[in-house]
Each structure stands twice: as structure tokens, then as C-alpha cells.
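Colleague: Questions regarding the structure given below will be posed in turn.
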Amino acid sequence: MNLIGEDKTIEVSNKYEQSKDEAQYLVKKLKRSNPIDADWDKKQWKKIEAVTLDYNMGTEPKFLPKVKAKLMYDDENIYGIFKVEDRYVRSVVQEYNGNVSGDSCVEFFFSPDTDLPLSYFNLEINAGGTPLIFYVAKPWDKFTKLGKEDIDQIEIAHSLPKVVDPEITEATTWTIEYRIPLSMLKNHSKVTQPESGTIWKANFYKTGSRTSNPNFLTWSYVDNPKPNFHLPKFFGTLKFQ
């Protein structure tokens, strides 16, 4: 949800606030190769627990998508996959760092530096597989748009065509799978190496703000009256196994 720079009136707390049970996810280590092909049902993901995006921000949409996400890691990468049971799916943005959150879009915000849990990357990928990724040192004030050289290192697979237009109004299930190299992240942030016991902060999101069914779903509960994903004080916990 790329709102960076659009509103600088929001105050950012230096503390975490969890109004509901703290969202936690155990991230298992990958023990075999994992081709990035957007296949939710392949063996690499079979025994990996999924999180569900149960919270909607703002006005209740006319249709509430059902969204699941999973993570894995190895010594060099973070692997993720989303499954979205959706309607009113539209995806037209094709340029890197474009307004992908206006399309049907899934998002992974994560803080890889244990010492700086309020600084994070926001990886946003529309249903056609087009990404946006920033490193946000301080929301609304200090952020870096990653360039093509970095973004090209993120491997992304998508189950729908690159462009979905006109909008698909009937029931549609789509998936996004991605691989993020840790070495690329280190170009912009300190990265606490994932290993057994490592803690990162993160949240998973689903949006589609410029579709005919605007929706703003979260995994970790965000206590804010208006949709706003850039509130790291509400991130949940990733614990690597």
C-alpha cells in the first residue's frame, strides 16, 4: 500500500501496540530446492503452516477476499507465497514501483534488522506479478525506492496474466510466489541473519484500492480507523526455526 509521501501528518510511535493477541508465525527452514512457479500445492509448501488475513481495515467491502500466506527461508533467501480467493480482480500496472496497490495486490512488509524493528521493506506485488519495493527507515519521512538492478533479483511467479483488464468479477483464485535474496536486502539495511531463534517483525496485507471492490486486509491487527499499512508498531512477530 504505497502511501509514502502522500500524507505526512501521521504520527509514528516508537513502541509496538497490539490491541489484540500478538500475531506470531514460525518460519521453517527450507531443506530442498524451491522453484518459483506460483504453485500453492507443491510439496515444498505442503507442510508449511499458513497465516490468514482476518482483519479488514476501513469500510467492509462488498466482497471479502479469503487470503492465506506462507513463508520459508534458507541461508540466502526468504521465500513467500500468497493464495487469494477473490472477485473483482483487476491488474494493469506494469512498471516497477508503480501504483500496484491500486490493483488487486498482496503485500509483505518486514523488518529484517532486529535492532531497528520500525524500519522495514514493503514488498507489494499486483496480481500480474509487477512489484514495488521501498526501504522505509522512517514512515512518511525517510525512504528509498529500490532500483531495477535490485528489483530484478527478486524472483516472482504469478498465476494470472500480466494484465487483467477488464476486471474479473466472478470468483477467481490467484497466487503469487516470490524469492527475496538476503544479499540484495543488505544493500539497503542491516539484516539479522535468519536462523533458529531469530526474530523479525512483519505484516501481510491484501488490497485493491482502485478496483470496484476496495479492500484492505491484514494478518496482524492494525488499530487505525483508516486504511494505512505503514504502521510498523502493529507488525506481528516472525520467529525463525
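Colleague: In segment 32-53, how many residues are in a loop (DSSP other than H, G, I, E, B), out of contact with any helix residue (DSSP H, G or I) (no Cβ under 9 Å at 6 or more places or on another chain) and either farther than 16 Å from residue 174 by Cβ or without any contact (Cβ under 8 Å) to a residue 12 or more places away in the chain (or both)? Break it down stepwise before answering.
Modeller: If we filter segment 32-53 for residues that are in a loop (DSSP other than H, G, I, E, B), which is where we start, we get 32-42, 47-50, 53.
Now drop any that are not out of contact with any helix residue (DSSP H, G or I) (no Cβ under 9 Å at 6 or more places or on another chain), which leaves 36-38, 40-42, 47-50, 53.
With the extra rule that they be either farther than 16 Å from residue 174 by Cβ or without any contact (Cβ under 8 Å) to a residue 12 or more places away in the chain (or both), the set shrinks to 41-42, 47-49.
Number of matching residues: 5.
Colleague: Being assigned to a loop (DSSP other than H, G, I, E, B), surrounded by 14 or more Cβ atoms within 10 Å (Cβ to Cβ), at pLDDT 95 or above and acidic (Asp, Glu): is that true of residue 75 here?
Modeller: Numbers: assigned to a loop (DSSP other than H, G, I, E, B): yes; surrounded by 14 or more Cβ atoms within 10 Å (Cβ to Cβ): no; at pLDDT 95 or above: yes; acidic (Asp, Glu): yes.
Taking the combined requirement at face value, the residue does not satisfy it.
Colleague: Here's a follow-up. Any residue that is closer than 26 Å to residue 150 by Cβ, touching a Gly at 6+ places or on another chain (Cβ under 8 Å) and either in a strand (DSSP E or B) or hydroxyl-bearing (Ser, Thr, Tyr) (or both) - is there at least one of those in segment 82-95?
Modeller: yes
Colleague: Now for a separate question. Could you tell me how many of the residues in segment 161-186 are of a type in the set (Phe, Trp, Tyr) and assigned to a helix (DSSP H, G or I)? Give the steps one after another, and end with the answer.
Modeller: If we filter segment 161-186 for residues that are of a type in the set (Phe, Trp, Tyr), which is where we start, we get 174, 178.
Okay, now just the ones that are also assigned to a helix (DSSP H, G or I), so none.
So the count comes out to 0.
Colleague: Just checking, does segment 86-95 include any residue being buried (at least 23 other Cβ atoms within 10 Å of the Cβ) and under 15 Å from residue 194 (Cβ atoms)?
Modeller: no
Colleague: Could you tell me whether segment 123-145 includes any residue that is surrounded by fewer than 16 Cβ atoms within 10 Å (Cβ to Cβ) and within 14 Å of residue 91 (Cα to Cα)? So that I can check it myself, show each step before the final result.
Modeller: At the first step, the residues of segment 123-145 found to be surrounded by fewer than 16 Cβ atoms within 10 Å (Cβ to Cβ) are 137-138, 141-142, 144-145.
Still in the list and also within 14 Å of residue 91 (Cα to Cα): none.
Within segment 123-145, not a single residue is surrounded by fewer than 16 Cβ atoms within 10 Å (Cβ to Cβ) and within 14 Å of residue 91 (Cα to Cα).
Colleague: Among the numbered criteria (1) of a type in the set (D, E, K, R); (2) closer than 21 Å to residue 217 by Cα; (3) surrounded by fewer than 16 Cβ atoms within 10 Å (Cβ to Cβ), which one does residue 103 miss?
Modeller: Among (1) of a type in the set (D, E, K, R); (2) closer than 21 Å to residue 217 by Cα; (3) surrounded by fewer than 16 Cβ atoms within 10 Å (Cβ to Cβ), the lone unmet condition for residue 103 is (3).
Colleague: Here is a follow-up. Would a scan of segment 47-60 turn up a residue that is surrounded by fewer than 20 Cβ atoms within 10 Å (Cβ to Cβ), within 24 Å of residue 131 (Cβ to Cβ) and over 19 Å from the mean Cα position of the chain (by Cα)?
Modeller: So far as segment 47-60 goes, no, none of its residues is surrounded by fewer than 20 Cβ atoms within 10 Å (Cβ to Cβ), within 24 Å of residue 131 (Cβ to Cβ) and over 19 Å from the mean Cα position of the chain (by Cα).
Colleague: Out of 114, 172, report the one residue that is among the β-branched types (Val, Ile, Thr) and either farther than 24 Å from residue 23 by Cα or under 18 Å from the mean Cα position of the chain (by Cα) (or both). Spell out how you get there, then give the answer.
Modeller: Numbers: 114 fails: either farther than 24 Å from residue 23 by Cα or under 18 Å from the mean Cα position of the chain (by Cα) (or both).
Just a single option satisfies the conditions, and that option is 172.
The values are calculated or read from the model by the stated rules, or taken from the named source; none is laboratory data. Remember, predicted model here, so these are calculated numbers, not experimental data. Heads up, the Cβs are rebuilt from the backbone with ideal geometry, glycines too, and the neighbour counts pull from every protein chain shown.
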